[in-house]
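S.K.: This structure is in structure tokens; I'll ask about it shortly.
The values are calculated or read from the model by the stated rules, or taken from the named source; none is laboratory data. All values derive from a computational prediction rather than experimental measurement. Every residue, glycine as well, gets a Cβ built from its backbone with ideal geometry; the counts of neighbours run over all protein chains shown. Just the protein is used for accessible areas: all its heavy atoms, side chains included, with ligands, DNA and RNA removed. Shrake-Rupley method; radii C 1.70, N 1.55, O 1.52, S 1.80 Å.
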Amino acid sequence: MTPYHFTAGTLPLLISIPHAGTALTPEVAAGLSDAARGLPDTDWHIPQLYDFVQTMGASVLVGNYSRFVIDLNRPADNQPLYTTATTGLYPETLFDGTPTFKPQMTPTDAQRQGYLQDIWTPYHQKLQQELARLKQQFGYVLLFDAHSIASVIPRLFDGRLPDLNLGTNSGESCPPAMSAALQQVCEAQSRFSWIINGRFKGGYITRAYGKPAEQQYALQLELAQCNYMDEQPPFGWRGDRAAELQPLLKQLIEVMLAQGRGL
């Protein structure tokens, strides 16, 4: 299994999808707890939800391995991204706090160093290469980091998560005008609830590669999964719900592109 799937586009836009992968290494597959075996914390169906971006001309980078092997949206040194409950580079618990692995079945440090070298590093190298290619061609580049999560996880946040959770690293990963334009798109509709820089401000990818001073702009969008899929196993795709959500996603991406051209 290769670490990622990549499709080159023709716009100054890269869509990163780090958490849709389901591939496992043999030791992770053997060690997963019963609760983790169904891969409940996967960003299910995100490539399908965003399938329209390739028609638009975006480049798309999708991680192939499960976050239970290694989390592509965490820093290589495994420093925590949030002061509240979270999961790390090598998740030891599920989002609800349940152990990821059976007792004494966690991968070894040497195996995990191999995941870092063979899975995490190639993904980030490709991400960096594509950002550099697009910036060289267009003079600027946009990075849209696409995620989803169950709408209710008491360990991570209170109540029900807003439908759309936009993160700009508290305003550090894109210019204020771009953030304001995205906010206007959200305000102009009433179907979906939203927040900017709430519980999810952007993970490592947004924080590491959002560099407005270098004409490199990044946004993370964390979606509540109830808007396009069933949140209970077997986590089925809901095309009826997705059809309502996709036009808004496309509008957000189009506004981001328009803002990029105007900078």
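S.K.: Contour minus end-to-end for Gln215 and Gln137, with contour as 0.36 nm per residue of separation and end-to-end as the Cα-Cα distance?
M.R.: Stretched fully, the Gln215-Gln137 segment lengthens by 26.8 nm.
S.K.: Okay, next question. Output ³J(HN,Hα) for the stretch 114-123: one whole-Hz value per residue in order, computed from phi by the Karplus curve 6.51 cos²θ - 1.76 cosθ + 1.60 with θ = phi - 60°, and x for Gly and Pro.
M.R.: Coupling constants for the stretch 114-123: x, 5, 4, 6, 9, 10, 5, 4, x, 4 Hz.
S.K.: Once both axes come from the Cα atoms, what is the angle between helix 176-187 and the longest principal axis of the chain, in degrees from 0 to 90, rounded to 10?
M.R.: 80 degrees
S.K.: For the stretch 20-154, which whole percent of the accessible surface, found with a 1.4 angstrom probe, sits on carbon and sulfur atoms? Don't skip to the answer; put the middle values down first.
M.R.: Working: 2930 of 5580 Å².
Looking at the stretch 20-154 in its full context, I get 52 percent from C and S.
S.K.: Just how far, in whole angstrom, is the stretch 172-212 from the stretch 226-263 if you go by their alpha carbon centroids?
M.R.: 14 Å
S.K.: OK, next. If I take R0 = 25 Å and measure r between the Cβ atoms of Thr121 and Thr7 in this structure, what FRET efficiency does the formula 1/(1 + (r/R0)^6) give, to the nearest 0.05?
M.R.: E between Thr121 and Thr7, to the nearest 0.05, is 0.75.
S.K.: Amide H neighbours of Met229 under 5 Å, counting only residues 5+ apart in sequence or on other chains, H built in-plane at 1.01 Å?
M.R.: Sorted by chain and number, the residues that satisfy this are Arg238.
S.K.: Follow-up. Between the stretch 24-50 and the stretch 75-114, how many Å separate their Cα centres?
M.R.: The two parts, judged by their Cα centres, are 14 Å apart.
S.K.: Which one, Ala208, Ala30, Ala110, has the greatest fluctuation when you compute a Gaussian network model over the chain with C-alpha springs under 10 angstrom?
M.R.: Among Ala208, Ala30, Ala110, the largest GNM mean-square fluctuation belongs to Ala110.
S.K.: Using a 1.4 angstrom probe, figure out how much accessible area the stretch 49-160 has per residue, in square angstrom, rounded to the nearest whole. Please report the intermediate quantities before stating the final value.
M.R.: Working: 4920 Å² over 112 residues.
Per residue, the stretch 49-160 has 44 Å² of solvent-accessible surface.
S.K.: Let me confirm the definition first: pairs of Lys residues in the chain, 8 or more apart or on different chains, C-alpha distance under 19 Å. How many are there?
M.R.: Values: Lys126/Lys135; Lys126/Lys211; Lys135/Lys211; Lys201/Lys211.
For the chain, the number of qualifying lysine pairs is 4.
S.K.: Connecting C-alpha atoms closer than 10 Å in a GNM of the chain, tell me which of Pro47, Pro103, Pro91 has the biggest fluctuation.
M.R.: Taking springs between Cα atoms under 10 Å, the residue moving most is Pro103.
S.K.: Right, something else. About its Cα centre, what dipole magnitude does the stretch 171-221 give when the only charges are +1 on Lys and Arg Cβ and -1 on Asp and Glu Cβ, stated in debye to the nearest 20?
M.R.: It works out to roughly 180 debye.
S.K.: Compute the acute angle (0 to 90°) between the alpha-carbon long axis of helix 239-262 and the principal axis of greatest extent of the alpha-carbon atoms of the chain; round to the nearest 10°.
M.R.: On a 0 to 90 degree scale, this one is about 50.
S.K.: Something else: Could you list the GluC sites (Glu not before Pro) in the stretch 178-230 that lie in coil according to DSSP, counting only those with at most 16 other Cβ atoms within 10 Å of their Cβ?
M.R.: Sparse-neighbourhood loop GluC sites (Glu not before Pro): none present.
S.K.: If you work out semi-axes √(5λ) of the Cα gyration tensor in Å from the coordinates, which of (1) 45, 21, 17; (2) 28, 22, 17; (3) 24, 23, 20 do you get?
M.R.: (2)
S.K.: Hey, in the GNM for the chain with a 10 angstrom Cα cutoff, which one of Thr55, Thr121, Thr100 fluctuates hardest?
M.R.: Between Thr55, Thr121, Thr100, it is Thr55 that shows the largest mean-square fluctuation.
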